[in-house]
Amino acid sequence: KQEVTQIPAALSVPEGENLVLNCSFTDSAIYNLQWFRQDPGKGLTSLLLIQSSQREQTSGRLNASLDKSSGRSTLYIAASQPGDSATYLCAVVTGNTGKLIFGQGTTLQVKP
Amino acid sequence: NAGVTQTPKFQVLKTGQSMTLQCAQDMNHEYMSWYRQDPGMGLRLIHYSVGAGITDQGEVPNGYNVSRSTTEDFPLRLLSAAPSQTSVYFCASKRTGSGGAGKNIQYFGAGTRLSVL
């Protein structure tokens, strides 16, 4: 059974720091991996999608990497800002069914 | 472009009542799904649909019914609400057809916060 783990559960950093969020999964036979952002009381916003054949994806200050063989993905946030404060969720799809299996999330606080 | 729209945003039910959570998307996505989010449990899949007329069960389907008569709509029905169904419910959709950018990116609605007393 696929399990997704995110470490750390919470992170607090000063503004301007570069940071890395970690995601690990137990079954390397994934179809794709998606990183989401969730603000308190809100829905999920897709940040980056990495197909199983890709190694990384970039969007602005965000870079996500994927290492299927080790069952790991990282989300790199450059020059963090207070507006980046949110919960970041990692989710994998195993097979072509579209079913997302989520980690518990990392709650990020960026202090001004 | 509205994306994925869920109604209502908030709902309070009494045990045993029934209701339908509405979900509509205007992106012509083939795939739609329902998740519930609970503290300590994360997001779990309830039901999903790969196209109009086709639905299937997810991880936690008991107590919920779905149907997909159109591409745009995917309502979730609670047949007899129980306190264990108190949760935040999210609907999601994605394009699965070939061609163009954005295939397989899942888009979520803003959620319905349900309390069952």
| task | Note the full-extension length gain between A:Ser85 and A:Ser59 as 0.36 nm times their separation in residues minus their Cα-Cα distance, in nm to one decimal. | result | 7.6 nm
| task | Pop out a list of residues from the range B:21-63 that are at least 50 Å² less accessible with all the protein chains around than in their chain alone; 1.4 Å probe, no ligands or nucleic acids counted. | result | B:Leu43
| note | In Å, the Kirkwood hydrodynamic radius from C-alpha pairs for the protein assembly as shown sits at 18.2
| field | Accessible surface, 1.4 Å probe, highest first, among residues B:Ile54, A:Ile77 | value | B:Ile54, A:Ile77
| said: If I take every Cα pair under 8 Å that is 6 or more residues apart in the range A:1-105, average their sequence separation and divide by the length, what percent do I get for the relative contact order? | reply: 35
| message | Below 15 angstrom from the Cβ of A:Ser46, what's the summed charge of the other residues (Lys, Arg +1; Asp, Glu -1)? | response | +4
| remark: With a 1.4 angstrom probe the carbon and sulfur portion of accessible area for the protein assembly as shown, in percent, totals 50
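For A:97-107, what's the mean count of beta carbons from other chains sitting within 10 Å of each residue's beta carbon?
Mean shielding by partner chains, rounded to a whole number: 6.
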| request: Using a 1.4 angstrom probe, figure out how much accessible area chain B has per residue, in square angstrom, rounded to the nearest whole. | output: 45
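Please give the total accessible area that chains A and B bury against each other, computed with a 1.4 Å probe and expressed in Å² to the nearest 100. Show your work: numbers first, answer last.
Working: alone 6020 and 6050 Å², together 10550 Å².
In total, chains A and B hide about 1500 Å² from solvent.
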| message | Test of the criteria: in the range A:1-89, which trypsin sites (Lys or Arg not before Pro) are in a DSSP loop and have at most 12 other Cβ atoms within 10 angstrom of their Cβ? | response | A:Lys1, A:Arg55
| remark: With Cα springs under 10 Å, the Gaussian network model of chain A assigns the largest mean-square fluctuation among A:Pro40, A:Pro82, A:Pro14 to A:Pro40
| note | Under 27 Å between C-alpha atoms, the lysine pairs in the protein assembly as shown lying 8 or more places apart or on different chains count 18
| request: Arrange the residues B:Met27, B:Met19, B:Met32, B:Met41 by how much accessible surface each exposes, largest first, with a 1.4 angstrom probe. | output: B:Met41, B:Met27, B:Met19, B:Met32
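The values are calculated or read from the model by the stated rules, or taken from the named source; none is laboratory data. Here the structure is a predicted model, which is why all the values come from computation and not from measurement. For neighbour counting, all protein chains shown are included, and Cβ atoms are generated from backbone atoms with ideal geometry for every residue, glycine included. Side chains included, ligands, DNA and RNA excluded: accessible areas come from the protein's heavy atoms. Shrake-Rupley method; radii C 1.70, N 1.55, O 1.52, S 1.80 Å.
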